[in-house]
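I have placed the structure first, in the form of structure tokens, so that the comments after it can refer back to it.
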Amino acid sequence: MLDSFIYQMLPARVVFGRGTSTALPAEAERLGLSRLLVLSTPEQASLAGHVQQLLGERAAGAFHGATMHTPVEVTERALEVVRAERIDGVVAVGGGSTTGLGKAIALRTDLPQIVLPTTYAGSEMTPILGETQDGRKTTRRSPKIQPEVVIYDVDLTLSLPPAMSALSAFNAIAHAAEALYAPDGNPIVALMAEEGVRAIVEALPRVLKEPGDPDARASLLYGAWLCACCLGTTTMGLHHKLCHTLGGLFDLPHAQTHAIVLPYALAYNAAAIPEAIARLRRAMQADEPIAALLQLERDCGIPLALRDIGMPHEGIALAVEQAMANPYGNPRPVEASALGELLERAWAGAGI
Ligand code: NAD
């Protein structure tokens, strides 16, 4: 019999396709916005300029200072522009870092957000914000953080370099994989997770071969969107918590950490999650889905060991200590010695 469940729908409106950026003025009008601030990283300032042009008179300013880990001092500088220009909404064009800045502004002002994602990280579909202040990262959830409109324009992802595309795609797969065994999972989320992984695994090799192929990019973005929905509506387990701990302790790069840790975290839980493994088997069309995931990572040529992205070996004990200090739900109980073994293997890239 089907277990009882709760499914909380995300309130976001999604516009998906090629060239959908052109829908931006109409979406702004739907929300009744006429003084928008366009946000980006310094690297994507020219894309932000293009977005300002699309908005025409509705663009009241731009802020190109978005950066990793959403530092509070950057948010405060952006808020000065919000006040000076009497901004009534934000448009974030970029990856998770830029989306994070838009969310941080919305948390403090309740301004509506329109997001145009250019990576597969998935922050745009979640009410979650991680911010840093004085070297500490804190994460919170709030309905104010959830963006109102997400415009997925496949064309904006064509420029994401192949290696970054692969890393970002594994970040997305991690959201779906953990949603499959989340304590608040449900049949709808499981459908999205399975389909999201299927679409990504099918499209990623095509994207790596031909990064400008819009068909492959569309499938990858569609899969990433579904995975992002999973992240937004369920509670993550060992994998996400471990990546968060490692990122905070050793300032490791976000997507790389996710890609490296995922096969090890799944292997840790495998015996306790038969239904999730069955779904991953179907999605990946592989009898041994965790081994297949690791092989796909090898084929992508991305870093496969935590030591290769800057984690010190002596950091393993500290990471175990910190992970054990904040107990959290996980299908297999988190034990210090087993966690230490997991990290030893992930640090050396020893395989599962
Ligand atoms: P990012 O936003 O930091 O982008 C990395 C770099 O790639 C930046 O310089 C950016 O300008 C550039 N870039 C982005 N898209 C590009 C494109 N299409 N072409 C060329 N260059 C491009 O990376 P990310 O992995 O998307 O985001 C990571 C951040 O997002 C982390 O801080 C992470 O914590 C956060 N995140 C938050 C959530 C959430 O739900 N709150 C979910 C996922 C990630």
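If you scan region 88-122, which residues turn out to be more than 16 Å from the chain's Cα centre (by Cα) and among the hydroxyl-bearing types (Ser, Thr, Tyr)? If the condition is that a residue be more than 16 Å from the chain's Cα centre (by Cα) and among the hydroxyl-bearing types (Ser, Thr, Tyr), then 109 is the only one that fits. Count of region 138-166 residues, restricted to those that are surrounded by fewer than 19 Cβ atoms within 10 Å (Cβ to Cβ), more than 8 Å from the ligand (Cβ to nearest atom) and part of a strand (DSSP E or B), is 3. Going through (1) at pLDDT 95 or above; (2) within 15 Å of the ligand (Cβ to nearest atom) one by one, residue 10 falls short only on (1). The sole residue among 26, 45 that is more than 24 Å from the chain's Cα centre (by Cα), hydrophobic (A, V, I, L, M, F, W, C) and either more than 16 Å from the ligand (Cβ to nearest atom) or modelled with pLDDT of 95 or more (or both) is 26. If you go through region 296-323 and keep only what is surrounded by fewer than 17 Cβ atoms within 10 Å (Cβ to Cβ), free of Cβ contacts under 8 Å to residues at least 60 places away in the same chain and closer than 21 Å to residue 251 by Cβ, you end up with 305, 307, 308, 313, 314, 317, 321. Which count do you get for residues in region 118-128 that are surrounded by 23 or more Cβ atoms within 10 Å (Cβ to Cβ) and touching a strand residue (DSSP E or B) at 6+ places or on another chain (Cβ under 6 Å)? Looking only at that region, the number is 2. Scanning region 290-329 for residues that are polar (S, T, N, Q) and at pLDDT below 95 returns 322, 326.
The values are calculated or read from the model by the stated rules, or taken from the named source; none is laboratory data. On a predicted model such as this, the values are computed, not experimentally measured, just so you know. Every residue, glycine as well, gets a Cβ built from its backbone with ideal geometry; the counts of neighbours run over all protein chains shown.
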